[in-house]
1. Mean 1/r over all different Cα pairs, inverted: what Kirkwood radius does region 457-508 give, in Å?
2. For a distance above 15 Å, tell me the whole-number percent of Cα pairs in region 27-66 that qualify.
3. Once the Cα atoms of helix 452-469 and of the chain are each reduced to a long axis, what angle between those two axes, in degrees from 0 to 90 to the nearest 10, is obtained?
4. Which entries of LYS127/LYS373; LYS243/LYS373; LYS127/LYS243 show an alpha-carbon separation above 18 angstrom in the structure shown?
5. Compute the FRET efficiency between ASP205 and ASP153 as 1/(1 + (r/R0)^6), taking r as their Cβ-Cβ distance and R0 = 60 Å, and round to the nearest 0.05.
6. Stokes-Einstein D for region 278-393 at 20 °C, 1.002 mPa s, Kirkwood Rh over Cα pairs, in µm²/s?
7. Excluding same-chain residues fewer than 8 positions from LYS443, which aspartates and glutamates have a Cα within less than 13 Å of its Cα?
8. List every residue whose amide H lies under 5 Å from the amide H of VAL302, counting only residues 5 or more places away in sequence or on a different chain, with H placed 1.01 Å from N in the peptide plane.
Amino acid sequence: MPTPRELLAARLRAALISAELDPARADVTQSADARFGDYQANAAMALAKEKRANPRDVAAEIISKLDVTGLSAPPEIAGAGFINFRLENSFLSTALSAMAKDDRLGVSRVAQPRKIVVDFSSPNVAKPMHVGHIRSTILGDCLVRVARFLGHDVLADNHIGDWGTQFGKVIYGWKHFLDREALQKDAISELVRLYREVNRLEETDETIKRVAREELVKLQAGDPENFAIWQQTVELSWREFEKLYTLLDIRFDERLGESAYNDALAPLCAELEKRGIATESEGALCIFFPTIPALEGKPAIVRKSDGGFLYATTDLATIEYRVRHWHPDSIWYVVGAPQALHFQQIFAAAKLMGIDSDMRHIAFGSILGEDRKIMKTRSGENVGLSEVLTEAVERARRMVEARSDKLPQEEIESTAHTIGLGAVKYAELSQNRLTDYVFSWDKLLALDGNTAPYLQNAYVRIRSIFRRAEEDADISAPILLDEPAERILGLKLLQYAETVPVVLDDFRPNILANYLYELANTYHSFYEACPVLKAPTPAIRASRLLLSSLTARTLSHGLSLLGIRCPEKM
Ligand code: ARG
């Protein structure tokens, strides 16, 4: 379904062509202020600058060729040469009726679907998932959902950190002081305990340090006992990660961790060297980027002088594998901002290797505690994701239980999950991903403000209107927009289709979150101004019920793209 913006842009393009002006200027945007109509075009100003003409004259010339029949009232010129459009109510009604009959709520599939690999979450084995991984997990999942919904072919790959120097220590600890009972109860905590214990002992005991390093070399050489221990640490850690993913309703298509590429690292380095892409420098094998000023003096090291491989080597082998097996048009990496240099390097190296997939580092900032410092537990450790989620559900349960019209006991648990987990996800997704944000329980669970519980509550309140009405909305009821609040709501609903695709322009779920927040507010004003169940005529009642139902569907659909569910009651 073309959106109002697309329809207006098409008319404008036709007018520009017939006025012999550059049709590439035919862009139309939503007006920020209703006084200037619903949509605006600034083509006249840009074109006047090129022609050194008066922008208002150019605007008048464009308007003389502009046919907006059936779409908008006659366009008006405002200010320095803006062209303002005000959509006709009959057009809005027809478009809303089509939206009501559409499962996709008017959102079109992209014209050219792409194959996209999304690399996200990617926690490290034998280490707890910390709040930094929350951002990658929640953001990555949302981008996967939006891209899929828009029709792209998406492959979600969890590139877990299941290989590295930490395993020498973990294996040494496993062999000498493993507590099996603790491992059963909470595998990751026990693995972390082993790692820390060995770290501590190594400080004063050179022998332990040497033996732990030997355990690592043995693992790398394929020693069966060490390999079996390593395998168990991976499986046990994965099981814990999986509990979190299940709780969060997040799925992956692949789980190819760093270890999957071990055997590819040596041949890759040999090939890079043979092709002259990498050269030896002080014993290490490096890729230099002489043509990229930002990477001057910052080569990617792919093999250390002791023969060991690095993070960059694994990532290059991973790219090669993905390209060979999946042929992606794009690869998106949802990883924190501190790794920016690493991704610049490997993207540049991949180019040198002749790989032309479009690769993006989708970076994000930190989560801060209420003291505005990186969030820590009371004992000074990084806060684990699982603690955050448990506390979110617990707080939501208390909130649900405190409500006056109490839910039946069996619904409390699932509602608490929906609200608590939704609140954590929304706190993440409603932020500009690049800024650090302060994690505040009271703020993210508040029933008023830009929060998931507020949006869920707006949905629940609309559903309760239908319970009282004892009927569903009739999707073929004509939509009447005579009251200003009805018209504003109708326009806002139609703009859902214009909002969802924008999320992928710069990977900004907060644009969708803000839209949903505004939609809920718009509905609130409509509800204050326009009685629904006690509407003056049956036709107006049917129209208002349909607008209400469309609002509930849009809220719930938009939240689902953010990975958030809606309860039926709360
Ligand atoms: N495991 C890494 C970490 O926790 C993130 C991996 C991101 N993905 C990648 N292909 N490098 O920092």
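Each reported figure results from applying straightforward, stated rules to the coordinates on display, with no laboratory input. Note that this is a predicted model, so its numbers are computed, not measured. Because the Cβ atoms are built from the backbone with ideal geometry, glycine has one as well, and the counts that use them run over all protein chains shown.
1. So the Kirkwood estimate lands at 13.7 Å.
2. 46
3. 50
4. Among LYS127/LYS373; LYS243/LYS373; LYS127/LYS243, the Cα-Cα distance tops 18 Å for LYS127/LYS373; LYS243/LYS373.
5. 0.65
6. This corresponds to a translational diffusion coefficient of 128 µm²/s.
7. GLU370, GLU428
8. LEU285, CYS286, ILE287
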